[in-house]
1. Quick check: pseudo-label points 7 Å beyond the Cα along Cα→Cβ at Leu170 and Arg39, how many nm apart are they?
2. Please work out the Cα convex hull volume for the stretch 1-98 and give it in Å³ per residue.
3. Rounded if a/c is under 1.5, else prolate if a/b is larger than b/c, else oblate: which is the chain, with a ≥ b ≥ c the root eigenvalues of its Cα gyration tensor?
4. Rounded to the nearest 0.05, what FRET efficiency do Glu81 and Arg101 have when you use their Cβ-Cβ distance and R0 = 22 Å?
5. Can you figure out the FRET efficiency of Glu125 with Arg74, using R₀ = 22 Å and their beta-carbon distance, to the nearest 0.05?
6. Using the Cα centre as the reference, give the magnitude of the dipole from point charges on the C-beta atoms of the chain (Lys, Arg: +1; Asp, Glu: -1; all else neutral), rounded to the nearest 20 debye.
7. Given labels modelled 7 Å from the Cα in the Cβ direction, how far is it in nm from Asp148 to Glu19?
8. Select from Leu43, Leu12, Leu91 the residue whose mean-square fluctuation is largest in a Gaussian network model of the chain (Cα-Cα springs shorter than 10 Å).
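Derivation of every value follows stated rules applied to the coordinates shown; laboratory data play no part. What you are looking at is a predicted structure, and each value in this text was computed from that prediction instead of being measured. Backbone-built Cβ (ideal geometry, glycine too); neighbour counts: all protein chains shown.
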Amino acid sequence: MPTSTDWEGKYLAGDTPWEKGAGSPGLEDFLDKHPTLTRGSVLVPGCGTGHDVRTFARHGFHATGMDLAPSAIRLAREYTEAAGLHADFQLGNFVSDPPERSVDWIFEHTLYCAIDPADRDRYAEAVARRLTPGGHFLAVHYMIDDPDGPPFGCTQPELMDRFSNAFELLESWVPRSYPNRLGLELMLWWRRR
């Protein structure tokens with residue numbers, strides 16, 4: 001993703017305020033609420049140290065994480081092995097790299113707000129390109145008003161406009177969040193048309 005942010009440098013410096021030490025509370029609740037979902041393949045772009053990837057793996061999914069920062073991928077592998085779980089991790093650019101294979105699910109936790117807003121159309125195209133027909137896109141968006149990110153602000157109308165052509169919205173809600181994000185996240189569940 002073209003951006004001036006040096007994500008690897010942030011990991012090396014320990015400047016990772018997004019690192020909460022646990023998976024997304026909204027994701028945990030979603031998976032607990034839907035125990036009969038088909039357990040297929042899931043890709044978590046912008047996975048960081050892999051908390052959400054491990055959450056999917058614990059729930060029986062074939063989980064893969066992707067990130068731009070080599071240190072994030074290294075830590076994700078180490079933490080996953082230490083947890084006794086199996087998941088795949090790959091270094092890569094979600095927006096521009098061609099997909100190796102299609103997946104049944106894509107889950108993102110505030111990646112959309114981390115990328116340059118000029119790349120958001122390409123991001124939506126990458127989600128559609130990587131999902132199987134009828135596949136699911138589950139996203140937790142950070143609903144802040146900040147044009148100078150990252151994180152960059154976004155609005156619900158913008159999200160609806162950007163994703164509605166290729167996806168059908170199944171559900172929208174304010175999820176349980178980390179303490180510093182209470183009421184600032186929006187969770188959207190889409191199905192690829």
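1. Label-label distance for Leu170 and Arg39, simple model: 1.7 nm.
2. Working: hull volume 10.0 nm³, N = 98.
About 102 Å³ per residue, rounded to a whole number.
3. Working: a/c = 1.23, a/b = 1.03, b/c = 1.19.
Rounded, since a/c falls under 1.5.
4. Details: r = 23 Å, r/R0 = 1.05.
With R0 = 22 Å, the Cβ-Cβ based efficiency is 0.40.
5. The computed FRET efficiency comes out at 0.15.
6. Values: 19 positive and 28 negative charges, 133 e Å.
Charge dipole of the chain: 640 debye, to the nearest 20.
7. 2.6 nm
8. Ranking Leu43, Leu12, Leu91 by mean-square fluctuation puts Leu12 first.
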